[in-house]
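Here is the structure we will look at, set down as structure tokens.
The values are calculated or read from the model by the stated rules, or taken from the named source; none is laboratory data. This is a predicted model, so every value here is computed, not measured. All Cβ positions, even for glycine, are placed from backbone atoms using ideal geometry, and neighbour counts span all protein chains on display.
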Amino acid sequence: MEKYAVIGHPIGHTMSPFIHKALFAIKGIDIEYSALDIDPSSLTEDLNGRMADLNGFNVTIPHKERIIPLLHSVDESAKKYNAVNCVKRENGKLYGCSTDAYGFLKALEANNIPLKGDVLVLGAGGAARTLAREAADNGCFVTIAVREADLDKALELKDWLTACGKDANTAALSEIDGTFDLCVNATPVGMYPHTGVSVVGAEVLKNCSAVFDAVYNPRETEFLKIANSLGLKAVGGMAMLVWQAVKAHEFWYGGTFEVSEVKEIIEAANEEMERIFYEK
Ligand code: NAP
């Protein structure tokens with residue numbers, strides 16, 4: 001039986017086993033999928049030890065960058081973000097890729113949200129980097145909005161986009177101005193257990209046509225609640241999480257899935273998360 005896993009530290013209540021087992025089950029592939037807590041100091045040793053029998057694995061914080069030099073090669077998606085979240089073993093060699101950007105793009109596409117025009121990205125961390133770059137690569141004009149104290153980080157992100165040939169803007173969260181085709185929350189604000197808060201309110205969202213929240217727990221964050229109350233198109237982070245997992249199956253064995261199959265898994269993953277965290 002083939003063996004897969006997600007590695008991270010800490011690994012906590014990861015949704016990866018549930019999502020990947022569901023995807024393998026659709027294909028009728030019998031596998032083992034586990035969550036491995038791998039300490040950064042033992043990553044090299046564990047690759048040849050505890051992880052030596054894995055056919056493939058997913059990678060989460062804090063290993064996404066540090067694993068790169070330990071792999072035989074990585075593809076363009078990983079080079080673009082200098083991060084790997086998916087690894088396969090072929091003929092004893094390890095190959096890496098990054099499926100986060102695909103997850104974001106498919107989450108929008110499957111919900112009929114076009115990635116065009118003016119895009120407001122809230123936050124300037126890892127997720128913001130991916131979401132802003134994908135928006136810019138799709139021809140959008142990106143505004144990166146952050147807390148006043150984080151403006152230097154927003155400028156760094158803007159400079160990276162500019163170096164990639166994309167024009168962008170920065171703003172303080174308190175001074176967001178204008179209308180936007182899409183607003184994406186790439187901050188952890190509103191995430192379990194600190195629910196009930198949104199990084200921006202109706203005064204900003206009323207000037208947006210659609211929203212995407214990278215946060216996937218809870219299913220409906222305060223940010224999404226406000227957007228829904230304004231009648232905007234709104235998508236939550238579970239869609240991105242599941243779609244990025246789907247891309248891993250293509251990378252591992254060429255598996256592809258129907259949109260309807262993926263939507264069912266998104267719903268099931270939301271229910272499982274609510275069962276674990278909210279005892280629903
Ligand atoms: P990160 O690298 O830590 O970046 C978070 C960003 O949000 C930083 O710019 C941070 O500023 C800012 N921020 C933090 N608290 C804030 C607050 N109270 N008000 C305004 N800005 C605040 O984290 P990340 O990896 O980008 O993840 C961000 C969120 O996206 C997390 O909830 C994560 O779970 C989610 N995510 C989801 C997916 C998915 O597949 N759905 C994928 C990736 C990430 P500082 O740097 O000053 O702290």
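Looking for whichever is buried (at least 21 other Cβ atoms within 10 Å of the Cβ) and near the ligand (Cβ under 9 Å from one of its atoms) here; the options are Ala124, Ala136, Ala149. Which one fits?
Working: Ala136 fails: near the ligand (Cβ under 9 Å from one of its atoms); Ala149 fails: buried (at least 21 other Cβ atoms within 10 Å of the Cβ).
Only one candidate passes the filter, namely Ala124.
Could you check segment 229-246 and list, in sequence order, the residues that are more than 12 Å from the ligand (Cβ to nearest atom) and part of a strand (DSSP E or B)?
So in segment 229-246, the residues more than 12 Å from the ligand (Cβ to nearest atom) come out as 229-234.
Scanning segment 229-246 gives Lys233, Ala234.
Condition test on Asp100, is it more than 18 Å from the chain's Cα centre (by Cα) and either within 13 Å of the ligand (Cβ to nearest atom) or at pLDDT below 95 (or both)?
No; evaluated as a whole, the condition is false for this residue.
Considering only residues that are within 17 Å of the chain's Cα centre (by Cα) and surrounded by 21 or more Cβ atoms within 10 Å (Cβ to Cβ), which ones fall in segment 65-96?
Ala78, Ala83, Val84, Asn85, Cys86, Val87, Gly96
Report yes if Leu131 is surrounded by 19 or more Cβ atoms within 10 Å (Cβ to Cβ) and modelled with pLDDT of 95 or more, otherwise no.
Working: surrounded by 19 or more Cβ atoms within 10 Å (Cβ to Cβ): yes; modelled with pLDDT of 95 or more: yes.
Against the criterion (surrounded by 19 or more Cβ atoms within 10 Å (Cβ to Cβ) and modelled with pLDDT of 95 or more), Leu131 qualifies.
Kindly indicate which of Asn185, Asn217, Asn228 is surrounded by fewer than 22 Cβ atoms within 10 Å (Cβ to Cβ), farther than 30 Å from Tyr95 by Cβ and of a type in the set (S, T, N, Q). Write out each step before concluding.
Details: Asn185 fails: surrounded by fewer than 22 Cβ atoms within 10 Å (Cβ to Cβ); Asn217 fails: surrounded by fewer than 22 Cβ atoms within 10 Å (Cβ to Cβ).
Unique residue meeting the criteria: Asn228.
Counting just the residues of segment 160-184 that are within 15 Å of the ligand (Cβ to nearest atom) and either farther than 18 Å from Asp118 by Cβ or aromatic (Phe, Trp, Tyr) (or both), which one comes out nearest to the chain's Cα centre (by Cα)?
Trp160
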